[in-house]
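The values are calculated or read from the model by the stated rules, or taken from the named source; none is laboratory data. Worth saying up front: this structure is predicted, and the values here are computed from it rather than measured. Positions of Cβ are generated from backbone atoms using ideal geometry, with glycine treated the same way; all protein chains shown enter the neighbour counts. Remember, those area values only see protein heavy atoms, side chains included, never the ligands or the DNA or RNA. Shrake-Rupley method; radii C 1.70, N 1.55, O 1.52, S 1.80 Å.
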Amino acid sequence: MTRPSLVYSGIQPTAVMTIGNYFGAVKNWARLQYERECVYCVVDLHALTSPDAGGDLKHASREMFVSLLAAGIDPDRTTVYIQSTVPEQTELCWLLATLTSLGDLSRMTQFKEKSVLLRGGDSDDDGTFVSAGLLFYPVLQAADILAYRAGCVPVGQDQAQHLELSRGIARRFNSRFGFVFPEPETLLTQVPKVMSTADPTRKMSKSLGPRHYIGLFEEEASVRKKIRSAVTDSGVTPSGEVSPGIENLLTLLAACGEEDDARQMRADYFAGTLRYVDLKGRTADALVALTSEMRDRRADVLRREPDLDGRIMEMAARARAMAGETLGLAREKMGIFPPGRRTRGAK
Ligand code: TRP
């Protein structure tokens, strides 16, 4: 069964979900569940390509799973699972790798940026350790999507190139072995782009450090502190534009549902009457209301799901059934044997 309307997306397992993850992606994922069949993945195998993926990865994945449920992903409606629980995908990654051009992989912007960042890191001969996993990252991403024969992938613009590569791989497979994979479309939804509060010229990210992000479940005092100290004026802004810091606060205020206030305050800014403390106060109030609701919802999830790892395994079974069907088809078309059976007593 192909699923041209199936929605698929993935998120990195950082132990803390930020309001940037929420407004920029997960809130939209939650909405999509009521329009289409959706599958969402916590991509712990992708996280392994990051050199700081510590021994706490399992904890981070579990936390991200809980955060997704608290943020409104409904496990009774949607398959939400952890990537490493579905080995079929990793296997499909190999099959697809044989249809992927090395040149294409080495030209991926994210690969180039990350490998430059790594220079000076863990040592290899020339002082650099760039893993083949980093190069393979987009092949695994293609395998994620294609294993479910998904048609729509809600991601940001930064993933457009990876999606293009996934389509190319699907096309090559289909023309060489016969049709298995629909070409996944990028679903570009208008979502608020949340920037760091400490440096509003950079996208909010946990990796920038604690001053730069606000967690979706963060306590009131620390949310207020971060908003109070949020950078508002950073350098010169072309006339007719709002400074990046103010823009970010207005974005957050609107994203919390206070669009009218945000519109008014934007007008005040241009009229020269906006008091930054008022904007910060309103934004902090709105965020405190959000994060406190989210903390309640998180507590609800933990109460509702006393056997979290059991739930994770139940989701894995559902995902494996879907991915297994596709993998079986791909194996057959490619002319390889089915997996041998594992007998009891084998070491
Ligand atoms: N690379 C994506 C990111 O960094 C995460 C991801 C992994 C993903 N597999 C995916 C996104 C499949 C969409 C579909 O955001």
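State all residues of the stretch 194-216 that are within 22 Å of PRO13 (Cβ to Cβ) and open to solvent by less than 40 Å² (accessible area, probe 1.4 Å); if no residue qualifies, say none.
Within the stretch 194-216, VAL194, SER196, MET204, SER205, GLY209, HIS212, TYR213, ILE214, GLY215, LEU216 meet the criteria.
For every residue, the table says whether it meets (1) touching a residue at least 60 places away in the same chain (Cβ under 8 Å); (2) in a loop (DSSP other than H, G, I, E, B); (3) in the same structural domain as ALA15 (by TED's automatic domain parsing); (4) surrounded by 13 or more Cβ atoms within 10 Å (Cβ to Cβ).
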{"site": "ALA254", "(1), (2), (3), (4)": "yes, no, no, yes"}
{"site": "ASP261", "(1), (2), (3), (4)": "no, no, no, yes"}
{"site": "LEU287", "(1), (2), (3), (4)": "yes, no, no, yes"}
{"site": "MET294", "(1), (2), (3), (4)": "yes, no, no, yes"}
{"site": "ALA316", "(1), (2), (3), (4)": "yes, no, yes, yes"}
{"site": "ALA330", "(1), (2), (3), (4)": "yes, no, yes, yes"}
{"site": "ARG341", "(1), (2), (3), (4)": "no, yes, no, no"}
{"site": "ARG344", "(1), (2), (3), (4)": "no, yes, no, no"}
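Which residue, of ASP44, ASP76, ASP52, is open to solvent by less than 30 Å² (accessible area, probe 1.4 Å) and either among the charged types (D, E, K, R) or more than 16 Å from the ligand (Cβ to nearest atom) (or both)?
Values: ASP76 fails: open to solvent by less than 30 Å² (accessible area, probe 1.4 Å); ASP52 fails: open to solvent by less than 30 Å² (accessible area, probe 1.4 Å).
Sole residue among the options that is open to solvent by less than 30 Å² (accessible area, probe 1.4 Å) and either among the charged types (D, E, K, R) or more than 16 Å from the ligand (Cβ to nearest atom) (or both): ASP44.
Can you find a residue in the stretch 62-72 that is more than 14 Å from the ligand (Cβ to nearest atom), touching a residue at least 40 places away in the same chain (Cβ under 8 Å), of a type in the set (Ser, Thr, Tyr) and open to solvent by less than 20 Å² (accessible area, probe 1.4 Å)?
Looking only at the stretch 62-72, we keep the residues that are more than 14 Å from the ligand (Cβ to nearest atom), and these are 62-63, 65-67, 69-72.
Still in the running and touching a residue at least 40 places away in the same chain (Cβ under 8 Å): 62-63, 65-67, 69-72.
Filter once more, so that each one left must be of a type in the set (Ser, Thr, Tyr): 67.
Checking which are open to solvent by less than 20 Å² (accessible area, probe 1.4 Å) leaves us with 67.
For the stretch 62-72, residues more than 14 Å from the ligand (Cβ to nearest atom), touching a residue at least 40 places away in the same chain (Cβ under 8 Å), of a type in the set (Ser, Thr, Tyr) and open to solvent by less than 20 Å² (accessible area, probe 1.4 Å): present.
Checking the conditions here, which among LEU135, LEU146, LEU140, LEU117 is crowded, with 16+ Cβ neighbours inside 10 Å and away from the ligand (no atom under 13 Å from the Cβ)?
Answer to the selection: LEU135.
Pairs under 9 Å by beta carbon, first residue on the phi > 0 side of the Ramachandran plot in the stretch 28-41, partner in a strand (DSSP E or B) and open to solvent by 80 Å² or more (accessible area, probe 1.4 Å), six or more apart or different chains?
none
Filtering the stretch 136-172 down to residues that are in a helix (DSSP H, G or I) and touching a Phe, Trp or Tyr at 6+ places or on another chain (Cβ under 6 Å), which residue is farthest from LEU329 (Cα to Cα)? Even if it seems obvious, please write down each step before you answer.
The initial filter retains those residues of the stretch 136-172 that are in a helix (DSSP H, G or I), namely 136-147, 157-172.
With the extra rule that they be touching a Phe, Trp or Tyr at 6+ places or on another chain (Cβ under 6 Å), the set shrinks to 145-146, 170.
Details: ILE145: 15, LEU146: 12, ALA170: 14 Å.
If we take residues in the stretch 136-172 being in a helix (DSSP H, G or I) and touching a Phe, Trp or Tyr at 6+ places or on another chain (Cβ under 6 Å), then ILE145 is farthest from LEU329 (Cα to Cα).
Part of a helix (DSSP H, G or I) and more than 26 Å from LEU99 (Cβ to Cβ): which single residue out of VAL191, VAL116 fits that description? Walk me through how you get there before you give the answer.
On the way: VAL191 fails: part of a helix (DSSP H, G or I).
The conditions single out VAL116.
Please go through the stretch 165-187 and pick out each residue that is open to solvent by 20 Å² or more (accessible area, probe 1.4 Å) and either within 13 Å of the ligand (Cβ to nearest atom) or hydroxyl-bearing (Ser, Thr, Tyr) (or both).
Passing the criteria: ARG167, SER175, GLU185, THR186, LEU187.
Could we say that GLN190 is under 15 Å from the mean Cα position of the chain (by Cα) and either within 16 Å of the ligand (Cβ to nearest atom) or closer than 29 Å to GLU259 by Cα (or both) here?
no
Of the residues that make up the stretch 298-307, is at least one in contact with a Gly (Cβ under 8 Å, 6 or more places away or on another chain) and not β-branched (Val, Ile, Thr)? So that I can check it myself, show each step before the final result.
Kept after step one, since they are in contact with a Gly (Cβ under 8 Å, 6 or more places away or on another chain), are these residues of the stretch 298-307: none.
For the stretch 298-307, residues in contact with a Gly (Cβ under 8 Å, 6 or more places away or on another chain) and not β-branched (Val, Ile, Thr): absent.
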